[in-house]
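Read through the structure below, which is laid out as structure tokens, and then see the notes.
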Amino acid sequence: ILEQSVTVCASCQLLARLEARRCLKDIEPRLFPEDRGPDQGDWPRPPTHSKTELLYHLLCRCVLPEAAGGLEVDVVFVDTDYSLDMLHLVSILDSKLSAADEAALRSCLSRLLFVHCYSSSQLLLTLHFLETTLSSRPALALILIDSISAFYWVDRCEGGASYTKQEEKLSRCAELLGRLLRDYRITVFATCHAIRRPGVPSSSSDSERSYLCRSWQRLVTHRLLCSRQEPGNNMVSWSSSFCVTEAGVAFLSASEENKCAARQ
């Protein structure tokens with residue numbers, strides 16, 4: 001009877017934490033105009049640093065207080081590319097807050113958990129650590145990974161001629177992320193590098209498909225393609241234009257898009 005009581009109590013505590021975790025379906029309506037937001041998304045083929053800037057945009061949207069237009073939730077940023085520029089991130093946050101509001105800025109940064117990973121093995125260990133963190137931190141609602149493909153070539157070399165060995169570590173990461181998505185109802189965004197497959201023309205829509213393992217591909221529910229040119233109608237279901245400024249990502253209105261197109 002005591003064992004059953006403990007199990008029921010633990011289950012109730014888990015349900016309470018899940019109910020407290022905020023849904024991020026409104027994280028960015030200009031990127032995800034549907035009623036239902038993304039569970040798992042990735043950014044393939046990004047030009048220059050725009051992919052990381054978009055991650056900064058989502059990060060700021062989450063950690064900013066509701067009074068400043070934010071969602072006021074906790075975020076984990078997993079940096080495998082060493083792309084995170086803290087000074088730039090602080091500058092973006094500062095531009096969105098009231099002048100000289102140091103207390104609010106500190107509060108925003110307290111909602112950010114930053115992790116460096118040096119290998120696929122370390123990424124897998126980090127995800128195991130996050131499972132413990134998620135169970136005790138109901139305010140944590142978003143995981144950002146920049147990038148999920150950082151160790152692609154290293155894993156291929158270590159795996160030798162076996163495709164199974166080459167993809168083993170990333171497959172395990174994807175499976176663990178899938179469990180976190182299912183059990184804790186979080187949202188995950190990840191970037192990936194552009195790697196052209198031999199024999200596929202660059203103009204073909206097949207060239208945009210992810211080269212990562214099938215476990216990862218099955219996990220992704222939304223894909224965002226970053227391009228300096230207007231995408232073809234057969235490649236996307238929704239498009240949005242933006243520019244990158246010192247204050248972060250700025251989305252363009254229809255009139256601003258037309259002006260940019262006229263200049264070109």
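List of remarks:
- Accessible surface, 1.4 Å probe, highest first, among residues VAL75, VAL220: VAL220, VAL75
- Between SER91 and VAL244, the simple label model (points 7 Å from Cα in the Cβ direction) yields a spacing of 1.2 nm.
- Using the Cβ-Cβ distance between CYS23 and SER119 with R0 set to 45 Å, the FRET efficiency from 1/(1 + (r/R0)^6) comes to roughly 0.85.
- Label positions at SER107 and PHE129, each projected 7 Å from the Cα along the C-beta direction, are separated by 2.8 nm.
- In this simple spin-label model, placing a label point 7 Å from the Cα along the Cα-to-Cβ direction at both LEU225 and ALA194 gives a separation of 1.1 nm.
- Heavy-atom surface analysis with a 1.4 Å probe gives region 62-192 a carbon and sulfur content of 54 percent of its accessible area.
- Sorting the segments 172-178, 142-148, 157-163 by their mean number of nearby beta carbons within 10 angstrom, highest to lowest, gives 142-148, 172-178, 157-163.
The values are calculated or read from the model by the stated rules, or taken from the named source; none is laboratory data. If you're wondering where the values come from, they're calculated on a predicted model, not measured in any experiment. Virtual Cβ from ideal backbone geometry, glycine too; neighbours counted across all protein chains shown. Please note that ligands, DNA and RNA were not included when accessible areas were found on the heavy atoms of the full protein model with its side chains. Shrake-Rupley method; radii C 1.70, N 1.55, O 1.52, S 1.80 Å.
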